[in-house]
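The values are calculated or read from the model by the stated rules, or taken from the named source; none is laboratory data. Just so it is clear, the structure is predicted and the values come from calculations on it, not from any experiment. Glycine gets a Cβ as well: all are built from the backbone with ideal geometry, and neighbour counts include every protein chain shown. These area figures cover heavy atoms from the full protein model, side chains too; ligands, DNA and RNA do not enter into them. Shrake-Rupley method; radii C 1.70, N 1.55, O 1.52, S 1.80 Å.
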Amino acid sequence: MALGASRSRIPTLLCWSSGAVQSDEESVSPGRAAVPRSRSFRPRCFSKGRRVARQPTAAITTPTLLGGGSPGGKLRVRGPTAQVFTSPTSRPIAGSPAVPTPGSRLCVIPGEAYTRTASMTLDVVVFQMSCDKLCIRTIHVAYTDPDGQQQKKSESGYNCSILVPAASTDVRVSFSVVGGRRIYKVDRGQRHAPYVKDAQGSYMLEEFVYASKPPQHVQYFITGTSLTSWVSEVDERERSENLLQMLSRDFRCIRSMHVSYTDSKGARQQWSGTGAKVKCHLQSDVTDLEVTFSVVGGSTVRKVDRRDPEMPWVQDANGQYPQEKFVYKSCPGFVLYEICGSSLRPRISNIVEHCDGQDLDQQPDQFALAAGNCSDSPTLFAVPLDQVPAIGGLVDLQLPHSEHLLPAEVALFEPTQSEFFQGGTEARLIFLNTGLTQAENHALGEFHKLLASRGIGGTAGDFPGYMEPHALRMLQAGKFNVSRAADLMKSMVKERMQRLPIAEADVLDDLRKGFIYWHGRDKKCRPCCVIKLGSLGEMARDKERAVRTAIFTLEYALRFAMVPGRVENWVVIIDLENLSNVISPWHMSSMLATSQAIGNTLEKVYCGRTAWLKIVNVPGGGILGRAINSLIPPEKKDKVSFPQDLKAEIGVHFEGHQLEQRYGGSAPDLEPEATYPFHFFPNCRGVQGDHAEASSMSDWEHRNAGDISLHQSTTLQFHQGMLWDESAEQCRDRWANRAKTCSLTPQSSQALLQITGGDPVQPCRDLASWMEIMKVTTTSSRRLQLEAATPEARCEDVLGGEVIVAPRGVGMKV
């Protein structure tokens, strides 16, 4: 392959240990530090302590490996380390890349962070600084612009980029620490990277000088304290390239990184590199990346839960330990994978990712207003377990939500006593944003004590973030036995937390099989979940796929369709029609295991959410129904039934248009591929809802409130809600002030006044109050007000002779 032709097309592997390299054919300006270079168009090979001949750049046809080369130009090697460069067209020979000496270091940024890469044009070069978070540094760039003027630029932060015109000359890059000192030069070719002194014995400032034609993109990695910061590594690449890097945090074995991707021509490409430190430069336009790892002479790298300090292995629903695989739809700007462990138990211990378009200094707010398709950020779940949100985890949602996903009639629904408690006095159904009984607070206190005794949540036994709103549900599901509640807490970690986040694309095909989906709401505003076991198909034998699809679906309702303190439950229809199509004597055990896993997800992972469950189309007449009924615990029999007259026993709970015809409604029956995106409809309570008298909304508003979906004006915090835990004063202080800013029913408002005293909190009973609480922007607020207004009011809103919003969106001239 002609090297010149492949300059910007080929990813490059670099296995090295901070060696400093300089070629006779290259001119290094005075004062410029000799740094490790990794240009994709210069495959090079070095052997420790000796010269290795190579061909001139233009004549290289095959990258050489350790121990050999072609006659040609000379090359000087400084430092006691070895380096290997290969092209992606040739896999490294096993054992050939030298392992760097222990102690070689790389800038490591704690946590999973993000940086902003400015939008770049062809006439600029980029100088990027990436640092750890021990202190804040500043990058200084001085240069002569194309007009001959001296220019200086500086940026401070953890990750910064400075753009300089490509035609600039005499570019000088240096660094300092905010509140500390300047950063001095080190010898990155030596194991401990000692500071470099000049002839007078003074330390030299670290400065990188580019007399002309600076590299298109240079990334400097800085680590250390405010007094001892140093540049640990420099990566030079073309602007069109992104960087994937694997770094070994110990030297117990030799690891490999494998990259699979689709290039700009649509062809699938494979690439592998082996060593203690491996770099892969990829073109930024590649797509569908998959990154995996293995150990030379050992096992593949399995998935671990990095949010748990002990990093336990992740086990899927089939009892298998899945391979660690990182999947990217598009190529990220920079990713560092830190790997450690023995040859039989390797693991990825940390990931550092810099994504274009995001600023590292601005940490993502998990409660930020939803926008667009309201996807959650993956970073919400890249934190320790006790900080993970209690709901959400659906990322990269591409398909639009239903325009009736969260209508005003649902957001303002006011439940009665029978909706707070099953039958009015039995098990609690609504747990959040409402007062609790004395017995419930006592049980919460006991739960805190148990967690504290097990070393969870500190001395006070604080509930971890992922279960805090669900604590009372777990207690009730465990019959207020704190040990059983703690077991449910473990089930939530194993079954839910280790699977989140879930990308829409990962489960889209399974969602469109029609196995589990949402369709409308009952008259009490509760979403209806339809589970058709006959549509499981291949998932009947793959429990993990079925459980992931179920979790995505159920989490969707919690994240977008529920309103804490008002609507917190769903109803379930299990359809056994065509079940015989997926059952065979050879797969009976796997089918039963899958069904049990789905039931476990409903009853344990999402305990206390099911208001009622109807099982329809039971094969074998009533025999199988009676057999299933005998297995249902007595305390749950009032929730489960086997209706025969679907219209009379199921349809009575719904407005006709909310329910499919096959279950007693009037809505068209959906084909499997049409079940996602999920279907929601207006006016779930009808023109005269069961609780119309409980709200201040007018009859006209009741008829039209379903036309307004509020989901794009809500936050994750809104849907997560708060458990009004009064078991201890510090527990109450955690939520009392925030509760005053929530959308409360009259009953909850009165309960909050009794708990906190002071000025009463006005209940939220109309759309204007709701918008004020949610701090809806002026534009969105005006739009919602117009949509919720009477037809007469809509036609009166005129600007320049045009109606802003006419009934049903029809523009009219006045």
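Identify all residues within region 298-341 that are on the phi < 0 side of the Ramachandran plot, aliphatic (A, V, I, L, M) and not in a strand (DSSP E or B); write none if there are none. Can you show your working first?
Residues of region 298-341 that are on the phi < 0 side of the Ramachandran plot, as a first pass: 298-310, 312-318, 320-340.
Now narrow it down to the ones that are aliphatic (A, V, I, L, M): 301, 304, 314, 317, 327, 335-336, 339.
Correct list: Val301, Val314, Ala317.
Considering only region 551-573, I want to know if a residue exists there that is among the small types (Gly, Ala, Ser), within 30 Å of Arg685 (Cβ to Cβ), in contact (Cβ under 8 Å) with a residue 40 or more places away in the chain and out of contact with any strand residue (DSSP E or B) (no Cβ under 8 Å at 6 or more places or on another chain).
Yes: region 551-573 contains one or more residues that are among the small types (Gly, Ala, Ser), within 30 Å of Arg685 (Cβ to Cβ), in contact (Cβ under 8 Å) with a residue 40 or more places away in the chain and out of contact with any strand residue (DSSP E or B) (no Cβ under 8 Å at 6 or more places or on another chain).
Go through (1) within 17 Å of Ile136 (Cβ to Cβ); (2) touching a residue at least 60 places away in the same chain (Cβ under 8 Å); (3) more than 35 Å from the chain's Cα centre (by Cα) and name the single condition Tyr210 misses.
Of the numbered conditions (1) within 17 Å of Ile136 (Cβ to Cβ); (2) touching a residue at least 60 places away in the same chain (Cβ under 8 Å); (3) more than 35 Å from the chain's Cα centre (by Cα), the odd one out for Tyr210 is (1).
Quick check on my filter: what residues within region 218-236 are assigned to a strand (DSSP E or B), open to solvent by 10 Å² or more (accessible area, probe 1.4 Å) and not hydrophobic (A, V, I, L, M, F, W, C)?
Hit for region 218-236 is Thr223, nothing else.
Tally up the residues in region 622-662 that are under 38 Å from the mean Cα position of the chain (by Cα), assigned to a helix (DSSP H, G or I) and modelled with pLDDT of 90 or more, please.
6
In this structure, does Glu495 turn out to be closer than 29 Å to Glu324 by Cβ and in contact with a Ser or Thr (Cβ under 7 Å, 6 or more places away or on another chain)?
The answer is yes for Glu495.
Step by step: first the residues of region 170-193, then only those that are in a loop (DSSP other than H, G, I, E, B) and modelled with pLDDT of 90 or more, then the one that is surrounded by the most Cβ atoms within 10 Å (Cβ to Cβ). Which residue is that?
Ranking the qualifying residues of region 170-193, first place goes to Ile183.
Of the conditions (1) within 22 Å of Lys740 (Cβ to Cβ); (2) open to solvent by 10 Å² or more (accessible area, probe 1.4 Å); (3) among the polar types (S, T, N, Q); (4) touching a Leu at 6+ places or on another chain (Cβ under 9 Å), Ser483 satisfies every one except a single condition; which number is it?
Only one criterion is unmet by Ser483, namely (1).
If you check Asp198 against the conditions, is it surrounded by fewer than 19 Cβ atoms within 10 Å (Cβ to Cβ), of a type in the set (Asp, Glu) and free of Cβ contacts under 8 Å to residues at least 24 places away in the same chain?
yes
List the number of the failed condition for Leu336; all other conditions in (1) closer than 30 Å to Pro464 by Cβ; (2) among the hydrophobic types (A, V, I, L, M, F, W, C); (3) surrounded by fewer than 19 Cβ atoms within 10 Å (Cβ to Cβ) hold.
If we test Leu336 against (1) closer than 30 Å to Pro464 by Cβ; (2) among the hydrophobic types (A, V, I, L, M, F, W, C); (3) surrounded by fewer than 19 Cβ atoms within 10 Å (Cβ to Cβ), just (3) comes out false.
Filtering region 751-767 down to residues that are not in a helix (DSSP H, G or I) and not charged (D, E, K, R), which residue is farthest from Asn433 (Cα to Cα)?
Restricting attention to region 751-767, the residues satisfying the condition of being not in a helix (DSSP H, G or I) are 757-766.
Imposing the further condition that a residue be not charged (D, E, K, R) reduces the set to 757-758, 760-764.
On the way: Gly757: 16, Gly758: 18, Pro760: 15, Val761: 13, Gln762: 14, Pro763: 12, Cys764: 13 Å.
Top of the filtered list is Gly758.
Inside region 237-247, can you point out the residues that are open to solvent by 10 Å² or more (accessible area, probe 1.4 Å) and either at pLDDT 90 or above or farther than 14 Å from Val125 by Cβ (or both)?
If the condition is that a residue be open to solvent by 10 Å² or more (accessible area, probe 1.4 Å) and either at pLDDT 90 or above or farther than 14 Å from Val125 by Cβ (or both), then Asn242 is the only one that fits.
Based on this model, can you work out whether Gly298 counts as more than 19 Å from the chain's Cα centre (by Cα) and of a type in the set (Gly, Ala, Ser)?
Values: more than 19 Å from the chain's Cα centre (by Cα): yes; of a type in the set (Gly, Ala, Ser): yes.
So Gly298 fits the description; yes.
Suppose the filter is crowded, with 24+ Cβ neighbours inside 10 Å, under 24 Å from Glu310 (Cβ atoms) and touching a helix residue (DSSP H, G or I) at 6+ places or on another chain (Cβ under 6 Å); does Ala540 pass it? Don't jump to the end; show me each part of the working.
Numbers: crowded, with 24+ Cβ neighbours inside 10 Å: yes; under 24 Å from Glu310 (Cβ atoms): no; touching a helix residue (DSSP H, G or I) at 6+ places or on another chain (Cβ under 6 Å): yes.
Criteria not met by Ala540.
Okay, residues lined up against (1) over 30 Å from the mean Cα position of the chain (by Cα); (2) closer than 17 Å to Gly608 by Cα; (3) aromatic (Phe, Trp, Tyr):
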| site | (1), (2), (3) |
| --- | --- |
| Ser402 | no, no, no |
| Gln417 | yes, yes, no |
| Glu440 | yes, yes, no |
| His448 | no, no, no |
| Ser453 | yes, no, no |
| Ile456 | no, no, no |
| Pro464 | no, no, no |
| Met467 | no, yes, no |
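Is there any pair linking a residue in region 437-450 that is in contact (Cβ under 8 Å) with a residue 24 or more places away in the chain to one that is basic (Lys, Arg) and surrounded by 14 or more Cβ atoms within 10 Å (Cβ to Cβ), with Cβ under 8 Å and at least six apart or on different chains, and which?
Pairs that qualify, where the first residue is in contact (Cβ under 8 Å) with a residue 24 or more places away in the chain and the partner is basic (Lys, Arg) and surrounded by 14 or more Cβ atoms within 10 Å (Cβ to Cβ), are Glu440/Arg428.
Inside region 288-299, can you point out the residues that are more than 16 Å from Ser248 (Cβ to Cβ) and either open to solvent by 50 Å² or more (accessible area, probe 1.4 Å) or of a type in the set (D, E, K, R) (or both)?
Selection gives Asp288, Glu290.
Pull out all pairs, ordered by first then second residue, where Cβ-Cβ is under 7 Å, the residues are six or more apart or on different chains, the first lies in region 715-742 and is closer than 12 Å to Asn441 by Cβ, and the second is in a loop (DSSP other than H, G, I, E, B) and among the aliphatic types (A, V, I, L, M).
If the second residue must be in a loop (DSSP other than H, G, I, E, B) and among the aliphatic types (A, V, I, L, M), the pairs left are Leu723/Leu432; Trp724/Leu436; Glu726/Leu436.
Scanning for something buried (at least 22 other Cβ atoms within 10 Å of the Cβ) and over 29 Å from Met129 (Cα atoms), does region 260-277 turn up at least one residue?
no
If the requirement is being free of Cβ contacts under 8 Å to residues at least 60 places away in the same chain and touching a Gly at 6+ places or on another chain (Cβ under 8 Å), which of these qualifies: Ser294, Ser256, Ser264, Ser299? Reasoning before the result, please.
Details: Ser294 fails: touching a Gly at 6+ places or on another chain (Cβ under 8 Å); Ser264 fails: touching a Gly at 6+ places or on another chain (Cβ under 8 Å); Ser299 fails: touching a Gly at 6+ places or on another chain (Cβ under 8 Å).
Just a single option satisfies the conditions, and that option is Ser256.
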